[in-house]
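K.L.:
Dropping the structure in here first, questions after.
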Amino acid sequence: MALTASLLATGANCLQTNVDNFGFNATSRKLYWSLLLNRDGFPKLLPRTNWQLQISMNGTANHCSAVCDTVTSSTPTDSYEPFRTNESTLIIVRHGESMWNEKNLFTGCVDVPLTKKGVEEAIEAGKRISTMPLDIVYTSALVRSQMTAMLTLTQHCCQKVPIIIHKENEEAEIWSQIYSEDTKKQSIPVVKAWQLNERMYGDLQGLNKQETAEVFGKEQVLRWRRTYEVRPPNGESLEMCLQRAVTYFKENIEPQLMAGKHVMVVAHANSLRSIIMYLDNLSPQEVINLELSTGVPMLYIYKDGKFIRRGSPPGTKEAGVYAYTSNLALYKDLMLQRMLTKL
C-alpha cells in the first residue's frame, strides 16, 4: 500500500536526518537516495519535498571525505552480516553514572545501579555506536556495567537481542542454551567477567570522598586514588587491577579481535584505565592522569596486530559520525539500507 504524502514527507525528513548525522560519500549517498526515491509511493512526494531533498543531497556531499581516514580497503559485500574484514573494531565504554557516583562515594566493587542520568548516558552511548559493527560484548560482573551494556545495545541498528552468557556452573550453562540457529544469529552474546570489575577500594568503599579527604588529608587520598602502586587500606592498587584486567583482555578479548570479531567492552574507570594503558602503551604516570567520562564510547581499530586509537566518537547530531575507516563507512551504509527495506 502506498504511503500518504504526509507520511512520506515525515519519513523523508527522518531519513534526511540520518544522512546528516552519519555522513556519506558521493557513491553511498547516490545509492541511499536512489533506494529512498524508488520505494513505493516516494515518487509522489510533493515537489517542495523533492526540492528539499535535492538541496540536502548537494549540501552534504563532502561530509565523509572530511573525516574518513581510510585504514584499509575492502571489496563491498552483498550481505551486511556477517561483516568480516582484515580489521576489527574495539569499543570501550565506562558505565553510566551510578547512584554512588552521584553521592560522591567510593564505590569499588560494591554493586550499585545507575541513576536516571546514567540511564540517559547509556542510551546516548548506544546512539553514538548504533551503526558500528558488533559481534560480542564483554562487561564486568557488576550491575552498573551490565545495565549500561544492555541499554546501549537497545539503540543499535542491527536490532539484535543482547543475551548474557551464563557459565557460572554446568547447570547454568545448560539451562541457558539456545537451540535455534536462527535465534542465535539474531543475538549478541554478552560475557560478564569479574576480572573487568572496578578496582577494589577496600576500607574506603562506601565512604564519602570529600569527607575522607578531610579526615586523612587530600594528599593521602590522592595517593590512594591516583598512584600506580599504592594500595588503599585492604584494597587494590591500580597495578593489581591492571594485572587481572589486562590478563583477561589478552586471553579472552584480544583473540576475538584477531579473529575479525567486533567487540565492545563496558566496564569501569580503573579496569578500563588498565586496558587503555596496554592498548596505548602508556607509562604509569600517564595512566594515572587519564580521565574517563561516564557513558562516552571510545573507539579503537585493530589491524595487523596493532591498536589504532580513534578517540571518542562525536555526538549523534554531528556530521560524519563514525566514518573513521572505509570498512566502518561500508557497514554503516549497509545498516541504513537495511533500515530502508523495512519502511
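K.L.:
Test of understanding: extend the Cα→C-beta vector of MET240 to 7 Å, then name every residue of region 82-126 with backbone N under 13 Å from that spot.
P.N.:
Residues passing the 13 Å test: 109.
K.L.:
Per residue, how much accessible surface does region 201-288 expose to a 1.4 Å probe? Answer in Å², no decimals. Write out the running numbers ahead of the final one.
P.N.:
Values: 4050 Å² over 88 residues.
Here the residues of region 201-288 average 46 Å² of exposed surface.
K.L.:
Which residues' amide hydrogens lie under 5 Å from the amide hydrogen of ARG310, considering only partners 5 or more residues apart or on another chain, with H built in the peptide plane?
P.N.:
HN-HN under 5 Å from ARG310: LEU299, TYR300, ILE301.
K.L.:
Computing the accessible area with a 1.4 Å probe over protein heavy atoms, can you report the carbon and sulfur percentage for region 104-148? Write down the numbers at each step before the final one.
P.N.:
On the way: 780 of 1360 Å².
Solvent-exposed carbon and sulfur of region 104-148 make up 57 percent of the total.
K.L.:
Quick one: ranking ASP333, ASP280 by accessible area, 1.4 Å probe, largest first, what do you get? Numbers along the way, then the final one.
P.N.:
Numbers: ASP333 20, ASP280 40 Å².
In descending accessible area the options line up as ASP280, ASP333.
K.L.:
Can you tell which of THR152, PRO133, TRP175 lies farthest toward the positive end of the dipole of region 132-182, using +1 and -1 charges on the Cβ of basic and acidic side chains (Lys, Arg; Asp, Glu)?
P.N.:
About the Cα centre, the residue reaching furthest to the positive side is THR152.
K.L.:
Can I ask one more? Counting only the heavy atoms of the protein chains, how much of LEU330 is accessible to a 1.4 Å probe, in Å² to the nearest 10?
P.N.:
Surface accessible to solvent at LEU330 totals approximately 40 Å².
K.L.:
Another one. Taking 7 Å along the Cα-to-C-beta vector as the label spot, tell me the LYS103-ARG226 distance in nanometres, rounded to one decimal.
P.N.:
About 2.5 nm, to one decimal.
K.L.:
If you don't mind, there's one more thing I want to ask. What list of ³J(HN,Hα) couplings, whole Hz, do you get for region 141-155 from phi and the Karplus terms 6.51, -1.76, 1.60, once you set θ to phi - 60° and write x for glycine and proline?
P.N.:
In residue order, the calculated couplings are 8, 9, 5, 5, 6, 5, 4, 4, 4, 5, 5, 4, 6, 5, 9 Hz.
K.L.:
Then there's this: Counting only the heavy atoms of the protein chains, how much of TYR278 is accessible to a 1.4 Å probe, in Å² to the nearest 10?
P.N.:
Roughly 80 Å² of TYR278 is accessible to a 1.4 Å probe.
The values are calculated or read from the model by the stated rules, or taken from the named source; none is laboratory data. Every value quoted in this text rests on a predicted model; they were computed, and no experiment measured them. Glycine also receives a Cβ, built like all others from the backbone with ideal geometry; neighbour counts cover every protein chain displayed. Surface accessibility is based on the protein's heavy atoms, side chains included, excluding ligands, DNA and RNA. Shrake-Rupley method; radii C 1.70, N 1.55, O 1.52, S 1.80 Å.
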